[in-house]
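A short write-up of the structure that comes next.
Coordinate-derived values only; no laboratory data. All values derive from a computational prediction rather than experimental measurement. Backbone-built Cβ (ideal geometry, glycine too); neighbour counts: all protein chains shown.
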Amino acid sequence: MARIGVFVCHCGTNISATVDVKKVAEIAKGFPGVKFTTDYRYMCSEPGQDLIQKMVKEHNLTRIVVAACSPSLHEKTFRTCTQNAGLNPYFFEMANIREQCSWVHDDREEATLKAIDIVKLAAAKVGKNNPLQTTFIPVEKRVLIIGGGISGIQAAIDVAFNGFETVIVEREPSIGGRMAMFDKTFPTLDCAACILTPKMVEVNQSDLIKLYTYSEVEEVSGYVGNFKVKIRRKARLVDENKCNGCGTCWQRCPVRLPSEFDMNLGKRKAIYVPFPQAVPNVPVIDQEHCLYINKKKCGICKKVCPFEAIDYEQKDEVIEEKFGAIIVATGFTMFDHSIYGEYGYGKYKNVTTGLHFERMLNSSGPTGGKIVRPSDGKEAKKVVFIQCVGSRDEARGMPYCSRLCCMYTAKQALLLKEHNPEAEAYVFYIDIRAAGKNYEEFVERVQDEYGATYLRGRVSKIFQRNGRLMVRGCDTLSGTQIEIDADLVVLATALIARPDAIKLAQMLHIPYDQNRLFTEAHPKLAPVETVTTGVFLTGACQSPKDIPDTVATASAASVKACGLLSHEKLPIDPQIARVDVEICSGCLACQEVCPFGAIEKEEIVDRVTQQKRWVAKIAPSLCNGCGACNTACRPGAIDLDGFTEEQIFGQIESLTADKGDER
Amino acid sequence: MMKVAYYPGCSLHSTAREYDISFQLVCRKLGIELQEIPHWVCCGSSPAHVTSHLLSIALPCKNLILAEEMGLDTVVAPCAACFNRLKIAKQEVAEDSKLKKEVEEVLGKPSAGKIEVKHPLQVIIEDVGLKKVEEMARRKLQGLRVASYYGCLLVRPPSVINFDDPEDPQSMDNLVSALGGEALPWAFKTECCGASFSLSETDIVFELSGEILNEALEAGAECILVACPLCQSNLDLRQKGIEKRRGKKFNLPILYFTELLGLALGMSMRQLGLSRHIVNPSKLLERKLAVT
Amino acid sequence: MKCSIASDKFRRKFAEQIEEICGERISLCYQCGKCSAGCPVTYAMDYLPSQITRFAQLGLTDKAMKSSTIWICASCQTCSVRCPRGIDLAKIMDALRILAKRKGIVPKEQIAPLFDGIFLGSIEKYGRLNELSLITKLNMASGRPFKDVSLLPIMLKKGKIKLKPQKSNPGKEVRYLMRKVEKLESK
Amino acid sequence: MKDNRSIKERDLGSKPAREKVKIAAFLCKWCSYAGADLAGGSRKKYPPNVIVIRTPCSARTNPLFVWKSLEKGLDGVLVSGCHPGECHYSEGNYHTRRNFAVFRKLLEYIGIEPERFHMSWVSAAEGDKWAEVVKDVVKVVESAGPNTYFSKKKEDNG
Ligand SMILES: Cc1cc2nc3c(=O)[nH]c(=O)nc-3n(C[C@H](O)[C@H](O)[C@H](O)COP(=O)(O)OP(=O)(O)OC[C@H]3O[C@@H](n4cnc5c(N)ncnc54)[C@H](O)[C@@H]3O)c2cc1C
Ligand SMILES: Cc1cc2nc3c(=O)[nH]c(=O)nc-3n(C[C@H](O)[C@H](O)[C@H](O)COP(=O)(O)OP(=O)(O)OC[C@H]3O[C@@H](n4cnc5c(N)ncnc54)[C@H](O)[C@@H]3O)c2cc1C
Ligand code: SF4
Ligand code: SF4
Ligand code: SF4
Ligand code: SF4
Ligand code: SF4
Ligand code: SF4
Ligand code: SF4
Ligand code: SF4
């Protein structure tokens, strides 16, 4: 039989002013199992904690109840104290008579009665606590980074700097992400390649960073410290070890295709590197369009390669590796504006997006840095930029503001003027959101120094007349409707989650919001963590971010990951579910509801029948102790330590124990 | 044989007789029996909805009840404005129980809920099908360059109408293509023609309809195809005035899609009442289709 | 001219009135101006459609109801189908017209409300529209007796206008119906 | 009238025992419990009739707990968790909603007043809302009066 001690705290007058603490202590003496009660001014103070330890010895107490503040404040304190008193730290319960009693009630008598009930609940529960041991698991000292954009690259460099090994898995043939497509970047206008390329090279040369490009994560199992990850390395048909990137092959390949990297404004070959500074500088063969693969013709690349690097027989390869932590850096994609009939359903060639414009600005891009009309290649002199396309549009787009399109539009208007001072730039905006360091100043410069014309209003219609685009907008500031005939329209389309975001989230057991953006553990205080311990977020996969924000979160995520890896072993909370295999019927209803995939089936030999049968098995390191399985299990085979059925039923009964009295 | 209730609306009995005539002829040919709703009343059009919301719902509802009392499950309304008002009334009553109660109080009858409201275009595209139309056609439109003009009320609001696209509708264009004509892509298919301002704010009609005629001409149209008597009247009746104000000749016949369909099905201009148009289409049609 | 903004309570009441009539919430509008950008008749309006919602939001009810905008609006719904907040502005225009008529602040120079009245008068009488009487009455009432007269001969010739009104029997029923609507609404 | 307090407890006060309902509330520790803490931190006042039982997640709250509470004579039960889509365990509260949708029907079926069972979604940031929820729930349960469903049954049977 448990011997319970109850310690009622005054918290100065925070509790004692409203709750008669002495009365509470007195009445608690009569609760089942309670052998000692007292009240004290400040339980969490050193003398208060000493008091507990002393009384445990003096009265042979085996369980402790502290009636004081919220467990979120001091549960940990008193667990440690309980442990120091020589008891199992889980032989302790807290009765919250401050936040949920003395602070919210005025009537002293009512508050005291309620406090008594609260202590009664805790006493009823603590007697049935199981001794729990914190367990430790070893840590695999490697980090997986999914996505090789600027966020993945920065994270890899930071993790490597801390001395840990990392692997970048990038879906495309080269790392670099969106940033590699740009010419210059706001607000400082440094050339994107100049600041990105050195980082890409650093990644390539680091001994601690392994690059799996043209690869994808296929399956993730395990848990923090011990993730097991299956990675598909798609067949490049080019041997990475032999190729030295001389380019002979793609110069000679006869197949010309639109280049995705160039937003279809330029061409690539069937064997190609997406852009000249690609890392690794090894081409891939586009199997869908290669003549040899499809018709067994051609085969030129193999013939001309001086290093015999071409291997048409290469197959996809799936490898499995172990990691201690995972950083998700999969970035974003662009909203498809072709849903807007009023903007021509994507039919007008000269209605382009910000990314098209970036490629045109780029001097190594498809137009050699000239701003042209895609319809006829003629120089575009009058350019209309439209902001917020697909953003801030609850009706048909995304409800949120994409955060950086105001800035990249300003940048593009500026660069247009720099490329061609004769050109005219018109920007339709609703609000200018330029809250970063030097951002407002930048936008001002674009208007003042570069003479871009800003018009406040959303555009309602774009249509074609005599080969020119007619843009029908409005300037609400002057109260006039405005029609502009333009050579080129550039839509600042919303940044949105990638189409496969949900698949990845499910693989990693991380939540996502209604916009399919990955959700951080806490928006302010844990912005790069997820609720799945060991999985971190960086960059635009979490919300639209510009490069400064992306790099900052990359460094933050790598600090968090390295922090985990710096431990030899990690503790796990023992308040988790456990299965009684005697009772388990093997229905696996529990498996269906577990949000963490912590339940697997296991074959056992039945004790009675000696037959083999299936039962549920819980992986302690994956279980987060939510208790969903517990509720789902009909035979009652699962229980949750710290919140067992017996404890909760006991609590309920304690609340009504004296009910018979009045009859 | 398909049997539907017919709600002609005020215009088809007056300014748009030829729409009435051609629609009825085409239906007969395609095996659709039209039964005019006995004692139907005006739908209230825009004067009702800018005066009293309840009235603007009650008037169409009255007609829906009359149609349902005929024991038919579909009512067809060729005027886009009537079609729009009937559909809106049906939906609003279905979604708003308070309104429904009020309407029933006014009408002294339970409101109709089952009957489906369709526009003739919908009947041709969805019920008859372009394939059948194509098979039955006896004349090809021989590359006649047609700008299809839908107006605003036929496809808006999409949540209520639920037919074709609100910005770039295609049903008439598909019909034209199926009949061998050239359906011109252009951007003013659903721009407003001035609609109900024909008599009150005629200047607005001159301006808006003028833009539409101009855009159609620029797109290379030889004629404009319409599916609404208000559109037709604004573009046809006011065309001379627009020409004068703009100092530009359009000479664009404004045809109902039922007329063009009738011609393709082998009917004559006289049968279809084409002489009633202000901008005379006979020269164009004689030249292009060799019809009389 | 300086305007003082109406009190919070007043504004809320006005917004509720509009919502009551047409089910639309003016507070949703964030003044992006897309409605005004696409409206085909802004050139003839004194204020942009988006300015009308702004007046309504600020409780500047007179400014909204006395504007020519609400009478010039052609109910084409271009604004409604494109609004990023899903606001059916055409319906709000209706609501403002209804409120203005109720309050009796219809500007004299506006012909559209005259037209509405005569139109409804016609269907009250005949159950259906009589175009000829509509045209003549409107011309008289708006002081433009000879407007469109030149079109009459050709319209008669082409059978576009009938001299005799088309009459449907339930003309009486429409009268009865309109009376009931009036009674219900005055409650 | 029935009073849910023990004799010993009632001795405490001089006030006459008045009709008072007692309600058990099952709160998930991440959201609603933290929301209730916040209500305390900001000194929001609400009636004392609700006694909180802390759970890891609303999904842990087995409908049987509610059943037991009512059977044992508590006058009302409240289950509260994170808002849909914000569950700490990503989807626990969806299970909760599903479980209790069925359970509510069952209560109705056997004739327990629907006023006795409540669900709410209160986030860690919604201290005010927690206070409001308690006020509302207490009011509604009070309208149903003391829970005599099971005690009557017992009397009927013996
Ligand atoms: C038009 C435009 C102009 C811009 N201009 C500027 C500017 O001037 N200054 C500025 O600061 N910011 C600018 N930005 C913002 C900038 O693009 C982003 O801040 C940055 O690209 C975010 O980097 P990221 O690594 O998070 O995402 P990304 O760049 O999208 O990189 C993600 C990478 O992950 C890979 N990936 C995705 N899914 C998977 C998967 N499942 N498995 C493996 N790999 C995957 C992708 O292939 C990609 O390489 C601009 C954005 C746009 C759209
Ligand atoms: C009115 C207002 C409301 C806000 N509301 C929100 C909100 O709702 N949500 C939100 O996310 N953000 C909010 N913020 C922003 C928030 O305050 C900041 O993000 C945050 O405080 C920044 O934290 P910090 O540690 O960088 O700086 P600080 O909070 O300023 O802390 C800096 C500390 O350094 C100490 N210090 C300074 N110099 C020295 C020195 N030389 N030696 C030793 N110590 C030094 C200071 O005493 C201080 O304690 C708000 C800001 C304001 C002004
Ligand atoms: S234990 Fe909690 S209630 Fe007691 S003194 Fe410390 S903070 Fe206050
Ligand atoms: S495959 Fe061969 S030819 Fe092509 S780049 Fe590599 S080494 Fe050069
Ligand atoms: S074999 Fe394929 S990739 Fe190689 S050169 Fe020919 S078409 Fe190009
Ligand atoms: S950042 Fe600017 S352009 Fe982009 S959605 Fe926000 S307000 Fe619109
Ligand atoms: S739900 Fe219960 S009985 Fe079914 S498999 Fe899980 S633990 Fe076993
Ligand atoms: S307690 Fe929650 S996390 Fe643990 S096994 Fe059960 S359902 Fe999964
Ligand atoms: S389009 Fe909609 S949100 Fe924008 S100003 Fe007009 S009514 Fe307001
Ligand atoms: S409905 Fe009225 S306000 Fe809206 S676009 Fe048409 S005319 Fe303009």
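See the values below:
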| item | result |
| --- | --- |
| Charge dipole (region C:112-186, unit charges on Cβ, about Cα centre) - positive-most of C:Met155, C:Thr136, C:Leu114 | C:Met155 |
| Proxy reagent accessibility, fewest Cβ within 10 Å first, across C:Thr61, A:Thr656, D:Thr55 | A:Thr656, C:Thr61, D:Thr55 |
| Estimated FRET transfer efficiency when R0 is 60 angstrom, pair C:Lys187-B:Glu33 (beta carbons, to 0.05) | 0.85 |
| Rounded, prolate or oblate (a/c below 1.5 giving rounded, otherwise prolate when a/b exceeds b/c) for region A:1-49 by Cα gyration tensor | oblate |
| Spatial separation of Cα centroids for region A:499-515 and region A:332-372, in angstrom | 28 |
| Relative contact order for region C:112-186, counting Cα pairs under 8 Å that sit 6 or more residues apart, in percent | 42 |
| Mean shadow area of chain A, taken as a quarter of the surface of its Cα convex hull (nm²) | 41.0 |
| Ratio of Rg to Rh over region B:2-118 (Cα coordinates, Kirkwood Rh, two decimals) | 0.98 |
| Region B:2-118: relative contact order as a whole-number percent, Cα under 8 Å and 6+ apart | 30 |
| Distance between region A:255-323 and region C:1-41 - C-alpha centres, whole angstrom | 58 |
| Between helix C:131-141 and chain C: long-axis angle, C-alpha atoms, 0 to 90°, nearest 10 | 60 |
| Shielding of D:60-67 by partner chains, average beta-carbon count, 10 Å | 5 |
| Assigned charges on the beta-carbon of Lys, Arg, Asp, Glu; region B:2-118 dipole about Cα centre (debye) | 160 |
| Of A:Thr519, A:Phe596, A:Thr13, farthest towards positive along the dipole that unit charges on Lys, Arg, Asp, Glu beta carbons give the protein assembly as shown | A:Thr519 |
| Angle between chain B longest axis and helix B:202-218 axis [Cα atoms, degrees, rounded to 10] | 50 |
| Reduced Cα scattering model of region A:333-496, Debye log10 I(q)/I(0), q = 0.14, 0.20 Å⁻¹ | -0.66, -1.46 |
| With 5 Å bins from 0: P(r) over region A:286-331, alpha-carbon pairs, percent | 5, 14, 18, 15, 11, 9, 12, 11, 5, 0 |
| Taking all pairs of distinct alpha-carbon atoms in chain C, Kirkwood radius in angstrom | 18.6 |
| Efficiency of FRET from Cβ geometry, B:Ala219 and B:Arg138, R₀ 25 Å, rounded to 0.05 | 0.30 |
| Cα-based radius of gyration of region C:112-186 once divided by 2.2 N^0.38 Å, which approximates compact folds | 1.26 |
| Cα centroid of region A:137-172 to Cα centroid of region D:107-127, whole Å | 47 |
| Ranked list, fewest to most other Cβ atoms within 10 Å of each Cβ, for A:Cys243, B:Cys231 | A:Cys243, B:Cys231 |
| Simple Cβ-charge dipole of the protein assembly as shown, Lys/Arg +1 and Asp/Glu -1, about Cα centre, in debye nearest 20 | 3280 |
| In degrees, nearest ten, helix C:8-22 long axis to first principal axis of chain C (Cα) | 40 |
| Selection from A:Ile648, B:Val176, A:Met181, by position along the positive dipole direction of the protein assembly as shown (Cβ) | B:Val176 |
| Region A:252-362 shape via C-alpha gyration tensor axes, a/c threshold 1.5 | oblate |
| Quarter of the Cα convex hull surface for region A:4-132, i.e. its orientation-mean projected area (nm²) | 6.6 |
| Estimated FRET transfer efficiency when R0 is 51 angstrom, pair A:Glu441-B:Asp127 (beta carbons, to 0.05) | 0.20 |
| Hull shadow area, averaged, region A:512-651 [alpha-carbon convex hull, nm²] | 11.7 |
| Given charges at beta-carbon only (K, R positive; D, E negative), |dipole| of region C:9-103 in Debye | 260 |
| Cα gyration tensor shape for the protein assembly as shown, rounded if a/c is under 1.5, else prolate or oblate | oblate |
| Taking D:Glu115, A:Glu170 and counting other C-beta atoms within 10 Å, the order from fewest to most | D:Glu115, A:Glu170 |
| Over region C:9-103: Kirkwood hydrodynamic radius from C-alpha pairwise inverse distances, Å | 12.8 |
| B:Gln170 paired with A:Glu260, simple spin-label distance in nm, labels 7 Å along Cα-to-beta-carbon | 2.6 |
| For region A:577-641: span of alpha carbons on each principal axis (Å, largest first) | 33, 20, 20 |
